[in-house]
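Just below is one structure, and these are the notes that go with it.
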Amino acid sequence: MKKFIIKTSIFVIPFLSLFIITILFYSRSESPDLLRLGYFPNFIRENRSVFNNEFKRNIYFYKVSRIKNKKAKILTIGDSFSEQGNFGYKNYLAENYEVLHVDRFISENQIETLYGLLNGDFFEKNNVEYVLLENVERNFVYNVQDINISKKIMISQLDNLINDHKRLPIKENQKDKFFSSKTINFPLSMFRYYYENNYLSNEIVYNVTLKTNKLFSNNSNKLLFFHEDLECLKFNNDFIAVQKLNDVLNDLSNKLKHKKMKLIVLPAPDKYDLYYDYIADKKHFSEPLFFKYLAPLKKDYIYIDSKKNLSAQLKNKRDVYFFDDTHWSPVASKIISEEIKKVITDK
């Protein structure tokens, strides 16, 4: 029996050690998303703690899913960059203006959804002055490739969608199994994080070396970014495709003008694009051209050049984007909200 226990221990103890490492250092939370997806260790938290006060702010904006027939200065519709709660750009805006937000579960493709709201009865029952359309850079051009501009969304359809969403069960965090691929892969990825440069971790997140360690408050010289930031370049570096996007945005703007509203377009820069100039070795990393192509095009909408605004702050402010996440931080949220306030005031 003793020999059996010893032999079993020789097999089990290494797995147990790897399992404990995974339990201690793997992030299961939605944010920081890049650590979770890339199998990176989650114990360097200085870049989060500096925002503790922002994470405790009150909520000032309203959600379409919780209120009907609202009069608002600004309607926001976007992706995960618009879903940040108390530290998101829309909440800083809401300190000065009435802000109504279209929940993300309503708008899978926010451009097509806006067409649907325009073609339906939403704007007859919700009185807004500005519609702010946000889209992350990597998906912006792709989202207009096969768009249905005739889509119609009625208030009754929204009510059904909202009620169905409320009935969805709350997902519980799944516990890690003792014998699983994660038990092996995460510790190996954690080791690789410290000793390898410029690689794709877990086939999802790039870990790239920067020229400086002054961009994030944890003093890291690493840039973590989502693999789609690179893969999207086949669309976003296509000038004709960017022109098509601009044509669609102009069309949306003109349709809104007929209803006495103005369109504000806010592209959220990919993390890779924003920090591209700081990458130490660009040999295998192509330059993103989306903002360069979009900037000179004729626009019938109000344009927020977010990359220009945020890039100007990188030398003076740390953590413009979270180190461990694909999204911008409260630093960027404040910068963006101030730029939006300027264009509203100017108009």
For Leu210, other-chain or 5+-apart residues with amide H closer than 5 Å (H placed, Pro excluded) are Lys222, Leu223, Ala280
Give me the net charge for the shell around Ile147: Cβ to Cβ below 13 angstrom, other residues only, Lys and Arg +1, Asp and Glu -1.
-3
Å³ per residue enclosed by the Cα convex hull of the stretch 58-156
92
Summed side-chain charge close to Ile279 - residues other than Ile279 whose Cβ falls under 14 Å, Lys, Arg +1, Asp, Glu -1
-1
Suppose R0 equals 41 Å; then what is the FRET efficiency for Ile67 and Phe191 from their Cβ-Cβ distance, rounded to the nearest 0.05?
0.25
I'd like to check one number: the per residue accessible area of the stretch 297-347, probe 1.4 Å, reported in Å² as a whole number.
42
Excluding Ile336 itself, what net charge comes from residues whose Cβ is under 12 Å from its Cβ, given Lys and Arg +1 and Asp and Glu -1?
+2
Long-range amide H partners of Val136, meaning residues 5 or more apart or on another chain whose placed amide H is closer than 5 Å, are Asp79, Ala268
From the cross-link list Lys63/Lys334; Lys222/Lys244; Lys56/Lys271; Lys292/Lys334; Lys214/Lys244; Lys152/Lys299, the entries with a Cα-Cα span beyond 32 Å are Lys222/Lys244; Lys214/Lys244
The stretch 55-100 - Rg and Dmax from Cα coordinates, angstrom
10.0, 29
Would you mind working out the magnitude of the charge dipole of the stretch 45-171 relative to its Cα centre, with +1 at each Lys and Arg C-beta and -1 at each Asp and Glu C-beta, to the nearest 20 Debye?
520
Tell me the carbon and sulfur percent of the accessible area for the stretch 284-347, rounded to whole percent, probe radius 1.4 Å.
48
Heavy-atom accessible area order for Glu203, Glu196, largest first, 1.4 Å probe:
Glu203, Glu196
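The values are calculated or read from the model by the stated rules, or taken from the named source; none is laboratory data. Computed from a predicted structure; not experimentally measured. Virtual Cβ from ideal backbone geometry, glycine too; neighbours counted across all protein chains shown. To get the accessible areas, we keep the full protein, side chains included, count just its heavy atoms, and leave off ligands, DNA and RNA. Shrake-Rupley method; radii C 1.70, N 1.55, O 1.52, S 1.80 Å.
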